[in-house]
1. May I ask you to list, by number, the DSSP H helices of the chain whose Cα span along the axis is at least 27 Å and whose average Kyte-Doolittle hydropathy reaches -1.0 or more?
2. Report the gain in length on full extension from Met1 to Ala63: 0.36 nm times residue separation, minus Cα-Cα distance, nm rounded to one decimal.
3. Keeping every protein chain present and rolling a 1.4 Å probe, give me the accessible area per residue for the chain in Å².
4. How large, in percent, is the carbon and sulfur part of the accessible surface of the stretch 2-267 at a probe radius of 1.4 Å?
5. Please state the relative contact order of the stretch 2-267 as a whole percent: Cα pairs under 8 Å, 6+ residues apart?
6. By the scheme Lys and Arg +1, Asp and Glu -1, what is the net charge of all other residues having a beta-carbon under 13 Å from that of Leu158?
7. In deg cm²/dmol, rounded to 500, what helix-only [θ] at 222 nm does the chain give when every DSSP H run of at least 4 residues adds -39500 (n - 2.57) and the total is split over its residues?
8. So what does Tyr11 come to for accessible area, using a 1.4 Å probe and Å² rounded to 10?
Amino acid sequence: MLFSTIISVQYDTPFSAFPAAEWERGLDWVRACGLDAAELCISHYEGIDLPRIREALDRRGLACSTLSTGQSRGLEGLSLSGVPREIRERTVERFEQHIRAAAALGSKVTIGLLRGADGALPERRRELCESMLPLVDCAGRHGVTLVLEPLNRYETSLLNTTAEMLDFIENDLGAPEHVGILWDLFHANIEDPDYAEALRLMGSRLQHVHVADSNRFFPGYGHLDLEGIMRMIRDSGYREYISFECFNLPSVEAVRAGTAAWVAQMRRLG
Ligand code: LER
Ligand code: MN
């Protein structure tokens, strides 16, 4: 298993232990913790210097695991469904930029919050599919994997469980090989009936994991049996990234101080 954590290079996010303005200091810490990669948070490409970011990663021997893309929902109202066609098209264009950036960085692209919030009507799912098909095509041409993230019911009513997301990938998108699932253990704790069953259903569709405890605190400060879940993930044959996406809780100091030890402990799992 490989490990990464969120670093924003543009706007602050509650999921990073460093402010965006200090992203290079953040990368120093990622490296010092013994992680393999950073999950970079990019909202748009104005002022983003990709060669400089690539060089900063390379210099530290780090990869980019996936591009976290959801900030532009709150900041710009972007969405792939449930909004006027003009906004959906603008969102598709933004994802095409993310795909090109991911090709340059050797990473995946996350589709989480930008899928849209409203799944009450079947036409929302159809809109999402219509928006996604050109992106699936674009990602295929660039050799990039898209990772779709089931999110809990309090953030969206469109595709909450792992089983629903798999159904969308297989039956709506036509089972493209380079579309996988980002399994966020916090959301899964709310929506998936059973971790082991979700893992079995996903098989090789599992392409990225977000880790946080039950309350989105740093691992060990909630009530998930994360050690048991990590063992299950490892035993399923998963070899991609486990990426921290937790709040700076109980404190940013606890996150900064605890990351290296937790990763070392997970690497040693018997
Ligand atoms: C994004 O990865 C995610 O999990 C969302 O809950 C962010 O709000
Ligand atoms: Mn997540």
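The values are calculated or read from the model by the stated rules, or taken from the named source; none is laboratory data. Note that the structure is a prediction, hence the values are computed from the model and not measured. Cβ coordinates were reconstructed from backbone atoms using ideal geometry, including for glycine residues, and neighbour counts include every protein chain displayed. Please note that ligands, DNA and RNA were not included when accessible areas were found on the heavy atoms of the full protein model with its side chains. Shrake-Rupley method; radii C 1.70, N 1.55, O 1.52, S 1.80 Å.
1. Values: long enough: 85-105 (30 Å, -0.80); 122-142 (30 Å, -0.73).
Those that pass (Cα extent of 27 Å or more, hydropathy at least -1.0) are 85-105, 122-142.
2. Numbers: separation 62, 0.36 × 62 = 22.32 nm, distance 1.39 nm.
The span from Met1 to Ala63 would gain 20.9 nm if fully extended.
3. 41
4. Details: 5360 of 10800 Å².
After summing per-atom areas, the C and S share lands at 50 percent.
5. Computed over the stretch 2-267, the figure is 18 percent.
6. Numbers: positive: Arg73, Arg115, Arg124, Arg125, Arg126, Arg153; negative: Asp118, Glu123, Glu127, Glu149, Glu155, Glu164, Asp167, Asp172, Glu191.
Counting the neighbours of Leu158, the net charge comes to -3.
7. Details: 10 runs with 115 residues, N = 270.
Computed ellipticity for the chain at 222 nm equals -13000 deg cm²/dmol.
8. 90
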